[in-house]
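The values are calculated or read from the model by the stated rules, or taken from the named source; none is laboratory data. Everything numeric here is computed off the predicted structure, so don't read it as measured data. Here the Cβ positions follow ideal geometry from the backbone for every residue, glycine too, while neighbour counts run over all protein chains shown.
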Amino acid sequence: MTESTQEELAALTAAARDLLEDHCTPERLAASEGRTDLALWALLAEAGFTHVGIAEDAGGSGGGIVEAAALLGVAGEHAAPVPLAESTLLAGWLLALAGLPQPDGLATTGEGEVSARPVDGGYRLQGTVRRVPAARDAELVVVLARVDGDGAARLVVAAVPVAGTSLVEGHNVAGEQRDDVLLDLVVPDVVEVRAGTADELRLRGALSRSVLIAGALDRVLRLTVRYAGERRQFGRPLSAFQAVQQQVALLAAEAAAAHAAADGAVEQCARDGFATPASAFAVAAAKVRTAQAASTAAAIAHQVHGALGMTREHSLRFSTTRLWAWRSEWGSEAQWSQQLGRTAVAAGADGVWPLLVGA
Amino acid sequence: MTTVVEVPTTPAGVEAEVLRLRAEVRDFLREEQAAGRFTPRCDAWLAGWDESFSRRLAARGWLGMTLPAEYGGHGRSTLERYAVTEELLASGAPVAAHWFADRQIGPSLLRYGTEAQRRRYLPAIVRGECFFGIGMSEPDSGSDLASVRTRGTRTEGGWLVDGTKVWTSGAHHAHAFFVLARTAPLEEGGSRHAGLSQFVVPLDSPGVTIRPIELLTGEHHFNEVVLEGVFVPDDMVLGEIGDGWHQVTSELAFERSGPERFLSTYPLLAALVGALAERTDSDGQRDLGALLARLWTLRQRSLRIAASLAGGVAQEVPAALVKDLGTRFEVEVVEAARLLLDVEPDPGSATTLSRLLAEAVLHAPGFTIRGGTSEILRGLVARGVGVR
Ligand SMILES: Cc1cc2nc3c(=O)[nH]c(=O)nc-3n(C[C@H](O)[C@H](O)[C@H](O)COP(=O)(O)OP(=O)(O)OC[C@H]3O[C@@H](n4cnc5c(N)ncnc54)[C@H](O)[C@@H]3O)c2cc1C
């Protein structure tokens, strides 16, 4: 993994921001409601953004999870209707891990229960990958499957053409496609991967949502501060009312907390990989905290915007509906809190502190 | 504090008649659902517009229940009406069409309307044939309601009304609405609340234009209603010219204290209980219990206010309290369901829980805004307890 300097990272996010600012206008977001913005995707691919975080010799653009997370933060901020988390940190990573090529089209993935059984001509895959982003537009669903055999179960990766699956279409509350992908087919080949891959995929999924949330909160805060300054009632801007000031201050605190949590987890995983207890702890903590921030911040933003923010016309919703969706994806904060609590209890009174400080 | 929370108490209605009525409503709702005539949903009192459902309720005598018989009403007690409305809300039934008419327009007409106005509208409201909207808010007047710019100008035999109302729920279906307008200019140093009046305006009047404003979900519930030189004859003035603020304020007490201020997400709460019942462990029961304690308490409070409203006691501050506590509760139900069930909300889902959750998540921000924001309500309460 090559490490970028701060300047390189800033250049990456600035370039992504330039592109997304032009293409994630409220009009464009409204027009691509319920769909993937494939035109935007083509531009991102051309600029080399779709495979950030994947080594160049694996068909990526280089960089590691720090770079991928920086890019995702910008995507979250702009509510970009494209499956960048999937193409970089998730499906893209799985393909690279398995030594499989990145497709020209979209690769996506999700959580699921899939079994692989050796049969004539390859492996029979059976099961469901749930709530998969952009499955309808994707070329490949990258599937992590269990091969039950005589000994311990083995994990394999299969790159499955979407055309060979059936989809149960669904959406999250932001109108982003989340389809269930039903698998019952034979693929010629699968690639065995290390045992911890399923855990890592789940951690990466949670981390991706934390980073997206932190990015989205920047926009929510910006819109809310602006609106509070512009909207007048009782002869004064809303920002002149202490009750409003206090709420906006809480919103700012939530946005800051979400960034601290997401950035901290990214750093931790970049340093130690995902397999250490400290990394699992950091990702869980970040998912819990960013999900809490998403709830509180979205509620405040809407409260300050009054009825106007409840309309389809107002662009606040592009971010708040995504916050409501992403906080529940790849495990809600309840699931991750439970996991944190369980880890702490298992570590015992003297074991918690080392977990918290990662040493 | 006692000055705020003390309201004349009426024992929660346990009379035989209320019990009988409740059972009747439950049977009816079971039949309706079994026949596939409605699917329970969250926030159905805003989102569930079904005129034929309203008329079936009317046929049972469940609209305009407390209105006197001389206007077609059923002369029932407030507690009887309360029992019927809370049963309807708890079942997520589509009650939006008649909601405003039944809740506040009827009582307002009875209190402030002329005999002719009562005869014209009350029997139709009771039959479920006349639906109303509320024209208070404007683009520049939300919380600061007294700043409305819609103007009534004196003309031969009545008033010419000009202005723009927004967020007018149901205006695209309703027959008429109450318009709050300024009929006398603000006087330097005078009360901002003086010079306001209410008009009854049929929505098909010449000069009225209704445009949809879509909710963030894409649903069409509220509207922009533009009034351009709309002629309102003198006999369609509601109450007294210049007394609009006082009238609107008393309307708001009806608007803020009812069971719809804490039951908007009840269908989700019921589904949550159902889901927890299927679990083999006791996870979630403690959180559920805490929610139920709050709900039970809210209902006690709201019932007592209903009883004293019927007795003509001003209830502005207690109603504000109920709405603030109640709408916060509604939002907490959403959070609890989301966290206890690990269900991802999907508005189009065939899974009831996922759909109900999506409806609740997407409608929840409006709970603490509509009918007066939480901040404004707390200001009222603060003044009530004497800290402002
Ligand atoms: C779903 C829905 C249905 C509605 N239906 C109707 C309807 O049928 N008829 C109708 O007339 N209206 C309707 N409304 C409008 C509703 O009454 C207004 O939205 C509400 O009064 C708030 O006004 P606003 O939206 O302009 O917010 P604003 O008044 O602009 O307030 C924005 C924010 O600033 C805060 N704020 C404002 N002033 C102060 C202050 N002095 N101190 C502290 N904080 C302050 C508010 O609390 C809020 O958080 C509806 C609204 C919704 C959401």
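Is region B:362-381 home to any residue that is farther than 29 Å from B:Gly142 by Cα and either more than 16 Å from the ligand (Cβ to nearest atom) or within 10 Å of chain A (Cβ to nearest Cβ) (or both)?
So far as region B:362-381 goes, no, none of its residues is farther than 29 Å from B:Gly142 by Cα and either more than 16 Å from the ligand (Cβ to nearest atom) or within 10 Å of chain A (Cβ to nearest Cβ) (or both).
Go over the candidates A:Ala349, A:Ala334, A:Ala298 one by one and state the one that is within 16 Å of the ligand (Cβ to nearest atom), outside the structural domain of A:Glu67 (by TED's automatic domain parsing) and on the phi < 0 side of the Ramachandran plot.
A:Ala298
Looking at region B:167-194 only, could you name the residues that are in a loop (DSSP other than H, G, I, E, B) and either buried (at least 21 other Cβ atoms within 10 Å of the Cβ) or hydroxyl-bearing (Ser, Thr, Tyr) (or both)?
Matches in region B:167-194: B:Trp167, B:Thr168, B:Ser169, B:Gly170, B:Ala171, B:Ala174, B:Thr183, B:Ser191.
Without any contact (Cβ under 8 Å) to a residue 60 or more places away in the chain and either surrounded by fewer than 18 Cβ atoms within 10 Å (Cβ to Cβ) or over 28 Å from A:Trp324 (Cα atoms) (or both): is that true of B:Arg299 in this structure?
Taking the combined requirement at face value, the residue does not satisfy it.
For residues that are outside any helix (DSSP H, G or I) and of a type outside the set (Val, Ile, Thr), tally how many sit in region B:73-102.
Matching residues across region B:73-102 total 9.
Please specify each residue of region B:331-361 satisfying the condition of being within 7 Å of chain A (Cβ to nearest Cβ) and either within 11 Å of the ligand (Cβ to nearest atom) or among the small types (Gly, Ala, Ser) (or both).
Scanning region B:331-361 gives B:Gly348, B:Ser349, B:Ala358.
Can you confirm whether region A:226-243 contains a residue that is more than 16 Å from the chain's Cα centre (by Cα) and away from the ligand (no atom under 13 Å from the Cβ)?
Yes, because at least one residue in region A:226-243 is more than 16 Å from the chain's Cα centre (by Cα) and away from the ligand (no atom under 13 Å from the Cβ).
Please work out which residue is surrounded by the most Cβ atoms within 10 Å (Cβ to Cβ), limiting yourself to region B:123-145 and to residues that are within 12 Å of the ligand (Cβ to nearest atom) and farther than 19 Å from B:Arg211 by Cα.
B:Leu145
When B:Glu187 is evaluated against the numbered criteria (1) free of Cβ contacts under 8 Å to residues at least 24 places away in the same chain; (2) under 28 Å from B:Asp324 (Cα atoms), which criterion, by number, is the only one it fails?
Failed condition: (2).
Suppose the filter is within 16 Å of the ligand (Cβ to nearest atom), modelled with pLDDT of 95 or more and either more than 24 Å from B:Arg103 (Cβ to Cβ) or not assigned by TED's automatic domain parsing to the domain that holds B:Gly142 (or both); does B:Arg328 pass it?
Considered against the rule, which asks whether it is within 16 Å of the ligand (Cβ to nearest atom), modelled with pLDDT of 95 or more and either more than 24 Å from B:Arg103 (Cβ to Cβ) or not assigned by TED's automatic domain parsing to the domain that holds B:Gly142 (or both), B:Arg328 comes out as yes.
Being buried (at least 24 other Cβ atoms within 10 Å of the Cβ) and of a type in the set (Val, Ile, Thr) is the filter here, so list the residues in region A:252-302 that pass it.
Passing the criteria: A:Val266, A:Val283, A:Val288, A:Thr290.
For B:Val166, state whether it is within 14 Å of chain A (Cβ to nearest Cβ), within 17 Å of the chain's Cα centre (by Cα), among the β-branched types (Val, Ile, Thr) and farther than 21 Å from B:Ala58 by Cα.
yes
So, in region B:81-92, how many residues would count as being farther than 15 Å from B:Glu255 by Cα and in contact with a Lys or Arg (Cβ under 9 Å, 6 or more places away or on another chain)?
Selection size over region B:81-92: 5.
If we only count strands (runs of 3 or more DSSP E) wholly inside region A:161-251, which ones have 2 or more residues that are buried (at least 19 other Cβ atoms within 10 Å of the Cβ)?
A:178-187
So which residues in region B:216-247 are surrounded by fewer than 22 Cβ atoms within 10 Å (Cβ to Cβ) and within 16 Å of the ligand (Cβ to nearest atom), if there are any at all?
If the condition is that a residue be surrounded by fewer than 22 Cβ atoms within 10 Å (Cβ to Cβ) and within 16 Å of the ligand (Cβ to nearest atom), then B:Thr217, B:Gly218, B:Glu219, B:His220, B:Glu224, B:Val226, B:Trp245, B:Gln247 are the ones that fit.
So in region B:147-162, with the set limited to residues that are away from the ligand (no atom under 12 Å from the Cβ) and touching a residue at least 60 places away in the same chain (Cβ under 8 Å), which one is surrounded by the most Cβ atoms within 10 Å (Cβ to Cβ)?
Filtering region B:147-162 for residues that are away from the ligand (no atom under 12 Å from the Cβ) and touching a residue at least 60 places away in the same chain (Cβ under 8 Å), the one surrounded by the most Cβ atoms within 10 Å (Cβ to Cβ) comes out as B:Gly152.
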